[in-house]
1. Considering the stretch 252-281 alone, what residues qualify as being of a type outside the set (S, T, N, Q), in a helix (DSSP H, G or I) and open to solvent by 50 Å² or more (accessible area, probe 1.4 Å)?
2. Any residue in the stretch 282-289 that is assigned to a helix (DSSP H, G or I), of a type in the set (S, T, Y) and either touching a helix residue (DSSP H, G or I) at 6+ places or on another chain (Cβ under 6 Å) or open to solvent by 10 Å² or more (accessible area, probe 1.4 Å) (or both)?
3. Name every residue in the stretch 17-54 that is charged (D, E, K, R), in a loop (DSSP other than H, G, I, E, B) and either over 30 Å from M248 (Cβ atoms) or modelled with pLDDT of 95 or more (or both), in order of residue number.
4. Residue pairs, Cβ under 8 Å, 6 or more apart or interchain, first in the stretch 259-280 and on the phi < 0 side of the Ramachandran plot, second open to solvent by less than 70 Å² (accessible area, probe 1.4 Å) and among the basic types (K, R). List them.
5. Determine which single condition S25 fails, assuming it passes every other condition in (1) loosely packed, with under 15 Cβ neighbours inside 10 Å; (2) among the small types (G, A, S); (3) at negative phi.
6. What is the residue count in the stretch 55-90 for residues that are in a loop (DSSP other than H, G, I, E, B) and open to solvent by 60 Å² or more (accessible area, probe 1.4 Å)?
7. Considering each residue of the stretch 213-230, count those that are of a type in the set (S, T, N, Q) and open to solvent by 40 Å² or more (accessible area, probe 1.4 Å), and give that number.
8. Among (1) surrounded by fewer than 16 Cβ atoms within 10 Å (Cβ to Cβ); (2) modelled with pLDDT under 95; (3) under 30 Å from V187 (Cβ atoms), there is one condition Q14 misses while meeting the rest; what is its number?
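The values are calculated or read from the model by the stated rules, or taken from the named source; none is laboratory data. As the structure is a prediction and not an experimental result, all values here were calculated from the model. Cβ: placed from backbone, ideal geometry, glycine included. Neighbour counts: every protein chain shown. Keep in mind that these areas ignore ligands, DNA and RNA; they rest on the heavy atoms of the full protein, side chains included. Shrake-Rupley method; radii C 1.70, N 1.55, O 1.52, S 1.80 Å.
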Amino acid sequence: MKIYGNEHLISTFQNMMKTGRMAHSFLIYGEKGLGKKQIARYLTMLLVCESEEKPCGRCRACINAQNNTHPDIIYAEHSGKLGGFSVDTIRNICTDAYIHPNNSDTKIYVLTDADNITVQAQNSLLKLIEEPPSYAYFILTALSKNVFLDTIISRAVSLSVSQTDTDTTLEALSYYGIPQEQANEAVTCFDGNIGMCMAYTSENELKNAVQLTKQITDCIINRDEYALLYALTEASTDKALLKNILVMLDKIIRDSLAVKYQSESFMSCYRQGAKKLAETLTVRTCGELHRAVTDSYMLIDRNVNIKLIVSSLCGEIMTCR
């Protein structure tokens, strides 16, 4: 199984395995597209591999883990509108965890995209994570570890995923069959985020989101209120689209602040826009814009009327000086 970048995570897993000090619970966190699920799958292979050189990728256990057919690797089902995990699902895991593995000496529970896991569900899981059966392991992935209770965090190994360098990203895109021209374009938008680069080359929705984000940034730079409201209204036709745009816009604002501090560490899809924005904004204004964008993002999840969110955001942006 090929893993690009994140050598520190792979090294951590390997050292734990070699020294016989493998943790029973892991929190793998980081922004969308950085390979959290792939790294989680690598860890499952490492734990169930039947060969001396782990994970070999060739034994029956590794192949089943890769194909998601291993009976002792259980992926928890999401539920509800927000795609969280219900208390019943967690309680079923707690019961099932005390049933010995079927085909191996290990039983693994994987909870991917656990960003909306409830406090009640976490509390139900806590006792099991505190005192797990010797053969049971738990892997949770999320955008941020801050979605978890302190009691969960303190009992798990928390590992953050990171972007790769440009050369590694291009190597990965080539490996997955992305033509060079498309790969270069994707990297200018998402740099070392391999997952987002791949999505950009295949999803028109993401390309549209990038274009709208750049358009909104230009409206802020030019202080064109009418065009800004028009662009935000177009973005508000779909909640997922608007949330994606707000995330990308916030990164542009972050980059503009970095430029002010003479940093060349870019994270956004519009470097040139970030540089121009830095010329028109103060440090304080960058902070105000960041708060306005993040507040709007949270309001979407609270089912506030989208038109009201967009109208309010436009007004807040235009009053930032």
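1. In the first step, residues of the stretch 252-281 are kept if they are of a type outside the set (S, T, N, Q); the result is 252-255, 257-261, 264, 266-267, 269-271, 273-279, 281.
Imposing the further condition that a residue be in a helix (DSSP H, G or I) reduces the set to 252-255, 257-260, 271, 273-279.
Selection gives R254, L257, K260, R271, K275, K276, E279.
2. At the first step, the residues of the stretch 282-289 found to be assigned to a helix (DSSP H, G or I) are 283-289.
Now restrict to residues that are of a type in the set (S, T, Y): 285.
From what's left, either touching a helix residue (DSSP H, G or I) at 6+ places or on another chain (Cβ under 6 Å) or open to solvent by 10 Å² or more (accessible area, probe 1.4 Å) (or both): none.
No.
3. Initially, the stretch 17-54 is screened for residues charged (D, E, K, R), giving 18, 21, 31-32, 36-37, 41, 50, 52-54.
Pick out the ones that are also in a loop (DSSP other than H, G, I, E, B) and you get 21, 31-32, 50, 52-54.
Listed by number, the residues that qualify are R21, E50, E52, E53, K54.
4. From residues that are on the phi < 0 side of the Ramachandran plot, the pairs are M267/K251; S268/K251; C269/K214; C269/K251; Y270/K214; G273/K214.
5. Just one mismatch for S25, condition (1).
6. From the stretch 55-90, those in a loop (DSSP other than H, G, I, E, B) are 55-59, 67-72, 76-78, 80-83, 85-86; that's our starting set.
Now narrow it down to the ones that are open to solvent by 60 Å² or more (accessible area, probe 1.4 Å): 58, 67-69, 77-78, 80-82.
The number of residues fulfilling the criteria is 9.
7. Total meeting the criteria: 2.
8. Condition (2) is where Q14 drops out.
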